[in-house]
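In what follows, a single structure is set out as structure tokens and then discussed.
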Amino acid sequence: MTQLPSFQRRTFLRGLGAAMALPFMESALPRSAWASAANAGKAPLRMAFLFIPNGAHMPDWTPTTEGANFVLPKTLEPLAKVQQKIQVLSGLTHANGFALGDGAGDHARSAATFLTGAHPVKTDGKGIRAGISVDQVAAEKLGKSTRFASLELGIEEGRLAGGCDSGYSCAYSNNISWRSETSPTGKETNPRQLFDRLFGGGSEEDRTQSRAKRDLERKSILDLVQQDARGLRRQLAKSDAQKLDEYLAGVREIEKRMNAPSDELYIDDQMTRPRGTPQEYAKHSRLMGDLLAVALQSDMTRVASWMFANEGSDRSYQMIDVAEGHHSLSHHQNEAEKQAKIAKINHYHMQQFAHFLERLDSVREGDGTLLDNTMIVYGSGISDGNAHNHDDLPIILAGGASAGIVGGRHLRYENGTPLMNLYLKMLHAADVRVDAVGDSTGQLDRIDVA
């Protein structure tokens, strides 16, 4: 998680060891605090990249028709409420995910190439090398005016050393964000630590005292900033006062979910992990997604990446009656029963994605919503987990209406079209002007043409 050393650009609610950045409110914040000269008078444009491991069961993923008014296939059914704000993009490819003479290791290459478009050096020790990821290219410019240049999130912890896939370092499988060609950007997986990072303010001593006070007195972060909030509310227009109340209520609701009873926490060798990391995948995922939504809403960051699981993850999903490991099932050898279970996992992940999109779409911002002002890519660097192919990838582009992106469509591109072309288009939409990123050959067409 990249954090800038100083931050004096906008209004906060403050209290002992707490600093709550505020959402966009016309009567409270100057538009110049939110917008560059290129988009003066508008809320900022953000981008996020969400990664799922082990590919997808493509027959249940891919719509049967192209263009508008397509019928959502089974895996994508959870997106029904936001269908008009998504595009399913077929045919996009990561050529550098293929072996290219390096033999096995497609899972490691899937994650390593997902945002870099670069072929990783095959090593399980020294000399790891991939490429600078697109989120970090964006953060280099967009992060100059936010508290966090970027946020890197995940559900599973991961190692940066040792081998994880056929001679490839775990650094490749467990990260999609790369600050430089040789430096992956570690991800945050603990919701409580992410919450404290987002809302901590002042000196380290103050932050420590704030956490101790809240734990001892069972107080909310809102208790520490309530005096500041009351003063601000008196200065706001009625609509913005309501927006502030909704924002604060959302933060409080997240706090309550983090303070779950012990039976909802991981139990490992009879030792209970600290509160804040729920045992159930959906609760964990939705906490992380809601915290990310708050970070985007309050302009703490404009760039994020999020791994729903590490590449090659073999976690089981017993909550949906899938006891076998995800990675093991992905080697389905065309067995219908295994493919059906892969589809169930895909559908379950899609439910979490849909929750995140609906959360963003519920936040009004100017003439649209937070989703309209955020471009989100969701997908994998592998298509079919059994074939280990890196073409015709499962990719969804959501949001971005304020950047001219036209939703509600299934677009098919010639197989082999670089996925990095989509990222280059997104960078230019956010006024990050670079000639190329990874193996891009130009900006992806049609996503902003009705």
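Structure notes:
- FRET efficiency for the pair Asn334 and Arg252, taken as 1/(1 + (r/R0)^6) with r the Cβ-Cβ distance and R0 = 51 Å, rounds to 0.55.
- The chain, helix-only ellipticity at 222 nm - DSSP H runs n ≥ 4, -39,500 (n - 2.57), divided by all residues, nearest 500: -9500 deg cm²/dmol
- Per-peptide average of other Cβ atoms within 10 Å, ordering 146-154, 66-74 highest first: 146-154, 66-74
- Stretching Lys81 away from Asp223 to a fully extended chain increases their span by 47.6 nm, per 0.36 nm per residue minus the current alpha-carbon distance.
- Once the Cα gyration tensor of the range 274-335 is diagonalised, semi-axes √(5λ) in Å: 29, 15, 9
- Most positive-pole-ward Cα, His94, Gly125, Leu45, against dipole of the range 33-166 from beta carbon charges: Leu45
- Computed extension length for Asn69-Glu358: 102.1 nm, one decimal, from 0.36 nm per residue of separation with the Cα-Cα distance subtracted.
- The range 51-101 pair-distance distribution - Cα-Cα, 10 Å bins, rounded %: 20, 49, 22, 8, 1
- The chain, accessible surface, carbon-and-sulfur percent (1.4 angstrom probe): 47
- Under the membrane-span-like helix rule (DSSP H runs whose alpha carbons stretch at least 18 Å along the helix axis, mean Kyte-Doolittle hydropathy 0.0 or higher), the chain yields 281-297.
- Taking 0.36 nm per residue of separation and subtracting the Cα-Cα distance, full extension of the segment from Val449 to Arg14 would add 152.2 nm.
- Stokes-Einstein translational diffusion, the range 283-427 - Kirkwood Rh over all Cα pairs, 1.002 mPa s, 20 °C, in µm²/s: 126
- Between the listed residues Val449, Gly408, Gly200, the Cα displaced farthest toward the positive end of the dipole of the chain, a dipole computed from Cβ unit charges relative to the Cα centre, is found at Gly200.
The values are calculated or read from the model by the stated rules, or taken from the named source; none is laboratory data. The structure displayed is predicted, hence computed values, not measured ones. Don't worry about glycine lacking a Cβ; one is built from the backbone with ideal geometry, like all the others, and counts go over all protein chains shown. Quick note on the areas: whole protein, heavy atoms, side chains included, nothing else; ligands and nucleic acids left out. Shrake-Rupley method; radii C 1.70, N 1.55, O 1.52, S 1.80 Å.
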